[in-house]
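Asks: Would you mind keeping the following structure in view while I ask a few things?
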Amino acid sequence: MGDLWGVALGGAIAVTGGAVTAILQARLQRRATREQYLWSKQAEVYLDVLRHGSGQIAHMDDDEADEQYGWAPGMEELRQDLTARVQLFGSTEVEALWRSVSQASQRLDFYVKENLLVMRGDRAVVSPDAEGDAEYTRLRQKVSADRRSLVEQLRKELDANRHLRQAA
């Protein structure tokens, strides 16, 4: 009879251990799936920030967005969508860096339109004198530096190097 109790106890322990293991594995799988989903959404929105996040598709709360410079009807919807996705899936650091790039791009765009555009037939082009213009150079360097900082932050948050190594 003692052996029967021992076998029953061993069986109960094995069943309980198996059930606990299955529950833990299911929980870990759900967590991994959720993390992968969130990583994918973040990667998607960060790619869109790089594709659209210049001065023309600025942060929705950016007071410097100015309709007189080429806003098309779909631009406001795109701007609202991108802002909402950055606020939902992005970090506060990325949002701040995106705003900085947007503002720097807008300042450069405004300066060029007000000071350096010349007409060539039916097209407006940047004046050949632009490269010697100190303010133009400063503004271009600011846009470039801010964009580099944004890209570095995006890559850091997405842990892009690790993911690229795993894919290889």
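The values are calculated or read from the model by the stated rules, or taken from the named source; none is laboratory data. Note that the structure is predicted; figures quoted are calculated from it, not measured. Positions of Cβ are generated from backbone atoms using ideal geometry, with glycine treated the same way; all protein chains shown enter the neighbour counts.
Asks: Determine the pairs where a residue that is of a type outside the set (S, T, Y), located within segment 16-40, has a partner that is modelled with pLDDT of 80 or more and surrounded by 10 or more Cβ atoms within 10 Å (Cβ to Cβ) with Cβ atoms under 9 Å apart, the partner being 6 or more residues away or on another chain.
Replies: Taking only residues 6 or more apart or on different chains, the pairs are L38/F89; W39/L158; W39/D159.
Asks: Considering only residues of segment 112-128 that are aliphatic (A, V, I, L, M) and out of contact with any Lys or Arg (no Cβ under 9 Å at 6 or more places or on another chain), which is modelled with the lowest pLDDT?
Replies: This residue is M119.
Asks: Which one of the conditions (1) farther than 20 Å from S149 by Cα; (2) touching a His at 6+ places or on another chain (Cβ under 9 Å); (3) modelled with pLDDT of 75 or more does A65 fail to meet, given that it meets all the rest?
Replies: (3)
Asks: Something else: Can you name every residue in segment 68-92 that is among the hydrophobic types (A, V, I, L, M, F, W, C) and either surrounded by 12 or more Cβ atoms within 10 Å (Cβ to Cβ) or at pLDDT 85 or above (or both)?
Replies: W71, M75, L78, L82, A84, V86, L88, F89
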